[in-house]
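Peer 1: Here you go, one structure.
The values are calculated or read from the model by the stated rules, or taken from the named source; none is laboratory data. In this text, all values refer to a predicted model and were calculated from it rather than measured experimentally. We place every Cβ from the backbone using ideal geometry, glycine too, and count neighbours over all the protein chains shown. The protein model used for the area step is the full one, side chains on, heavy atoms only, and it has no ligands, DNA or RNA in it. Shrake-Rupley method; radii C 1.70, N 1.55, O 1.52, S 1.80 Å.
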Amino acid sequence: MAESWSFLDTFETDFRPLVVIELAKGTKGETVEWLTKRIADKKANGGEYSMIFRAQLMVKPLVMENGDENIYVVGASHLRLLLGAETVGLVKECNDNSMRTFTYSSRKTFKDFADDNDNFLTMAECQYIIKHELENLRAKDEKMIPGYPQAKLYPGKSIVRRLLTSGILVQIFPLHDREELKKLRHSWYGRVKVGYQPLDEIRCYFGETIALYFGFLEYFTFALIPMAVIGIPYYVFAWEDYDKYVMFATFNLLWSTVILEVWKRICAIMTYRWGTLLMKRQFEEPRPGFHGVLGINPITGREEPVYSSIKRQIRIYLVSLPFVCLCLYFSLYVMMIYFDLEKWALDYHEENESTFSSLMLFVPSIIYAVVIEIMNRIYRYAAEFLTSWENHRLESSYQNHLILKVLVFNFLNCFASLFYIAFVLFDMKLLRQSLATLLITSQILNQFAESLLPYWLQKRHKKRMKKHTCSLKTDTDLSLADQVNLEKEMGTYFGTFDDYLELFLQFGYVSLFSCVYPLAAVFAVLNNITEIYSDALKMCRVYKRPFAEPTANIGVWQLAFETMSVISVVTNCILIGMSPQVNALFPDSKTDLILTVALVEHLVLAMKFIMAFVIPDKPKDIQIKLAKLEFESLEALKQQVRANDMYNSEI
């Protein structure tokens, strides 16, 4: 078990380390032996080819310079990866330029395939396959993890998930390809340039989920440019006239509707090219944190924990919901303190009329913006704890409940003061000042917390490592042990949740009230340009490489952005109705004004939903290709049924 890496290479020179497994220090020998044996003896799930190859992953110990023997690297043979690609349902391009689900039997029909071509599958796809195989290592007859009687097992339980929850397994992460990463860094952010991001290269290296985020970030930045171009002259020539926002609000209505519909089509084009638009949704296994009494899953027939849905609903509605409402009340209470500070600052300015007093007018908004960011982050931890305590069986259900909690609080926390200023105080000057301060301050804080601070911490870690490794200046010269030692201490990227949340709030600032502060779109564009570079930097230099996750769209975030666009329609229609220009058309009857605004708002919403219905989510050519594939699948199924019937009749 303590054999060195160089010794192991003497009898398997084709081994390519893809994934690192770090066990807890002091893990018992019988546990390590049992786990490595289960990984290496993992049999294929039957099939035509299960008897003609050694269906296993390769796992080897990696002895570190400090003597640690708790690190293992995992790889797989080329054949094993190809069969794994069929198991997970990867979609690849065929020689006729169509996209089809990969099968080993038809491997010769796929573009760039050759038996000696190890690059047919990207490294990210290989690591995804290994992750899938590791997560599907399941207990057979074991009742516990050897050496740890308190870590119970039952037939069908995921071994890796039990090891994680028991603290025996510290982490599993995919290795970086230093040479490919260097090329990606150079083309992505290595030089300042005006152009598109290398989304296909990002997808090949990090997977579709991260590539889609950067694709959406890039698209949203370009979509903001028309708003910014119109906003600059609008801001310059109507700076002191806070009432001339009707035309800008009208354009805002159309803009917020069109960009989301266009994005659906762009997303479909990208995911079809990447193959994930065709991938079938796999059956979801219980999430690692799910617990309950042992029972039988009526769908799979396997033993797994069962938890009463009634108990979960009680936890949601009697604990989580009241807690969220309490947090929302506290947020409103803090907002009223902010308005008291605003009143104090205004009174101080009226008494002193100095440069210092003018600057003091911005202090309450800055303090409030900082408090908002702190409250958002504290609430996020509370929401994660509550959602985990609710004990959701599926990861998708957990994510949906978490996103709902976070979005509701963040929306109220960030925008309640703006709604109050606009529709209760009717103070457009204060609305402009508050919007500008909240937007700019939140962008600065996010850039610092998400990119600059982690990058600085990582640089400090590299300086400490430099004492032991003199070759850190050249990424590609690192030995495997040095590379693993460096990467295992890097931060973990927990997904695109916070990145999408930041864009969601930015979309709210721009679409809800930017008509009274036209430069909001300008600051958003500038922030997003720096965000592209800083996010690219943190993905390549700060965090461990995340596992690729195939996805066909941005998921529930699409619905979140569409909901925000509906709210923006209502907001902008009310702002238009409040403008002096529109009020002048109804000098005698406010009732007629309210009815007219309500009618216009309903017409715009109707137009929005009609546009969403009329504009196809997928371009015509992709619809035809998908329909053709469905037709061919049905024909193939018919032929298989006929062949089975003929075979049975002959017998």
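Peer 1: So residue 399 fits all but one of (1) over 30 Å from the mean Cα position of the chain (by Cα); (2) modelled with pLDDT under 90; what number is the exception?
Peer 2: Against the list (1) over 30 Å from the mean Cα position of the chain (by Cα); (2) modelled with pLDDT under 90, residue 399 comes up short only on (1).
Peer 1: If you don't mind, there's one more thing I want to ask. Take the residues in the range 62-85 that are at pLDDT 90 or above and farther than 22 Å from residue 104 by Cα, then tell me which one is surrounded by the most Cβ atoms within 10 Å (Cβ to Cβ).
Peer 2: 74
Peer 1: A further question on this structure: Right, residue 160: β-branched (Val, Ile, Thr), closer than 22 Å to residue 487 by Cα and either free of Cβ contacts under 8 Å to residues at least 60 places away in the same chain or assigned to a helix (DSSP H, G or I) (or both) or not? Give the steps one after another, and end with the answer.
Peer 2: Numbers: β-branched (Val, Ile, Thr): yes; closer than 22 Å to residue 487 by Cα: yes; either free of Cβ contacts under 8 Å to residues at least 60 places away in the same chain or assigned to a helix (DSSP H, G or I) (or both): yes.
Considered against the rule, which asks whether it is β-branched (Val, Ile, Thr), closer than 22 Å to residue 487 by Cα and either free of Cβ contacts under 8 Å to residues at least 60 places away in the same chain or assigned to a helix (DSSP H, G or I) (or both), residue 160 comes out as yes.
For (1) aromatic (Phe, Trp, Tyr); (2) on the phi > 0 side of the Ramachandran plot; (3) loosely packed, with under 15 Cβ neighbours inside 10 Å; (4) more than 23 Å from the chain's Cα centre (by Cα), each residue gets a yes or a no:
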| site | (1), (2), (3), (4) |
| --- | --- |
| 97 | no, yes, yes, yes |
| 113 | yes, no, no, yes |
| 161 | no, no, no, no |
| 167 | no, yes, yes, yes |
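Peer 1: Scanning for something among the β-branched types (Val, Ile, Thr), open to solvent by 20 Å² or more (accessible area, probe 1.4 Å) and at pLDDT 90 or above, does the range 233-244 turn up at least one residue? Before you say what the answer is, go through the steps one by one.
Peer 2: Applying the first criterion (among the β-branched types (Val, Ile, Thr)) to the range 233-244 yields 236.
Narrowing the set further to residues that are open to solvent by 20 Å² or more (accessible area, probe 1.4 Å) leaves 236.
If we keep only those that are at pLDDT 90 or above as well, we get none.
Within the range 233-244, none of the residues are among the β-branched types (Val, Ile, Thr), open to solvent by 20 Å² or more (accessible area, probe 1.4 Å) and at pLDDT 90 or above.
Peer 1: Residue 37 fails exactly one of the following numbered conditions: (1) modelled with pLDDT under 90; (2) open to solvent by less than 40 Å² (accessible area, probe 1.4 Å); (3) under 30 Å from residue 149 (Cα atoms). What is the number of that condition?
Peer 2: Against the list (1) modelled with pLDDT under 90; (2) open to solvent by less than 40 Å² (accessible area, probe 1.4 Å); (3) under 30 Å from residue 149 (Cα atoms), residue 37 comes up short only on (2).
Peer 1: Could you go through the range 165-183 and let me know if any residue there is within 21 Å of residue 480 (Cα to Cα) and without any contact (Cβ under 8 Å) to a residue 24 or more places away in the chain. Spell out the reasoning first.
Peer 2: Our first condition is that a residue be within 21 Å of residue 480 (Cα to Cα); within the range 165-183, this holds for 169-183.
If we keep only those that are without any contact (Cβ under 8 Å) to a residue 24 or more places away in the chain as well, we get 183.
Yes.
Peer 1: Quick test for you: out of 457, 486, pick the one residue that is among the aliphatic types (A, V, I, L, M) and modelled with pLDDT under 80.
Peer 2: None of the others qualify; the one that does is 457.
Peer 1: Take the residues in the range 359-370 that are open to solvent by 50 Å² or more (accessible area, probe 1.4 Å) and in a helix (DSSP H, G or I); name whichever of them is farthest from residue 433 (Cα to Cα).
Peer 2: Taking the range 359-370 as the starting set, the residues that turn out to be open to solvent by 50 Å² or more (accessible area, probe 1.4 Å) are 359, 362-363, 366-367, 370.
Applying the additional criterion that residues be in a helix (DSSP H, G or I) yields 359, 363, 366-367, 370.
Numbers: 359: 12, 363: 11, 366: 10, 367: 13, 370: 15 Å.
Looking at the filtered set, the residue picked out is 370.
Peer 1: Tell me yes or no: at least one residue of the range 126-148 is without any contact (Cβ under 8 Å) to a residue 60 or more places away in the chain, under 30 Å from residue 479 (Cα atoms) and polar (S, T, N, Q).
Peer 2: No, every residue in the range 126-148 fails to be without any contact (Cβ under 8 Å) to a residue 60 or more places away in the chain, under 30 Å from residue 479 (Cα atoms) and polar (S, T, N, Q).
Peer 1: Here is a further query. Tally up the residues in the range 590-644 that are in a loop (DSSP other than H, G, I, E, B) and of a type in the set (Val, Ile, Thr), please.
Peer 2: Going through the range 590-644, the residues in a loop (DSSP other than H, G, I, E, B) turn out to be 615-619.
Cutting the leftovers down to of a type in the set (Val, Ile, Thr) gives us 615.
Total satisfying the criteria: 1.
Peer 1: How many residues does the range 261-273 hold that are open to solvent by 10 Å² or more (accessible area, probe 1.4 Å) and hydrophobic (A, V, I, L, M, F, W, C)?
Peer 2: Total meeting the criteria: 4.
Every residue, every condition in (1) open to solvent by 50 Å² or more (accessible area, probe 1.4 Å); (2) in contact with a His (Cβ under 6 Å, 6 or more places away or on another chain); (3) without any contact (Cβ under 8 Å) to a residue 40 or more places away in the chain, yes or no:
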| site | (1), (2), (3) |
| --- | --- |
| 526 | yes, no, yes |
| 550 | no, no, no |
| 557 | no, no, no |
| 580 | yes, no, no |
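Peer 1: Cβ-Cβ distance below 7 Å, separation of 6 or more or different chains: which pairs start in the range 584-603 with a residue that is within 13 Å of residue 574 (Cα to Cα) and touching a residue at least 12 places away in the same chain (Cβ under 8 Å) and end on one that is open to solvent by less than 100 Å² (accessible area, probe 1.4 Å) and of a type in the set (Phe, Trp, Tyr)?
Peer 2: That search, which allows pairs on different chains as well, returns 593/586.
Peer 1: With the checklist (1) under 32 Å from the mean Cα position of the chain (by Cα); (2) over 30 Å from residue 379 (Cβ atoms) in hand, flag the one item residue 349 doesn't pass.
Peer 2: (1)
Peer 1: Give the range 182-203 a look and list any residue that's open to solvent by less than 70 Å² (accessible area, probe 1.4 Å), over 23 Å from residue 91 (Cβ atoms) and modelled with pLDDT of 85 or more, or say none. Steps first, answer last, please.
Peer 2: Kept after step one, since they are open to solvent by less than 70 Å² (accessible area, probe 1.4 Å), are these residues of the range 182-203: 184-185, 187-190, 193, 195, 197-200, 202-203.
Going one step further and asking which of them are over 23 Å from residue 91 (Cβ atoms), we end up with 185, 187-190, 193, 195.
Across the range 182-203, the qualifying residues are 185, 187, 188, 189.
Peer 1: What residue, among those in the range 131-156 that are under 20 Å from residue 171 (Cα atoms) and among the small types (Gly, Ala, Ser), is modelled with the lowest pLDDT?
Peer 2: Among those residues, the one meeting the criterion is 139.
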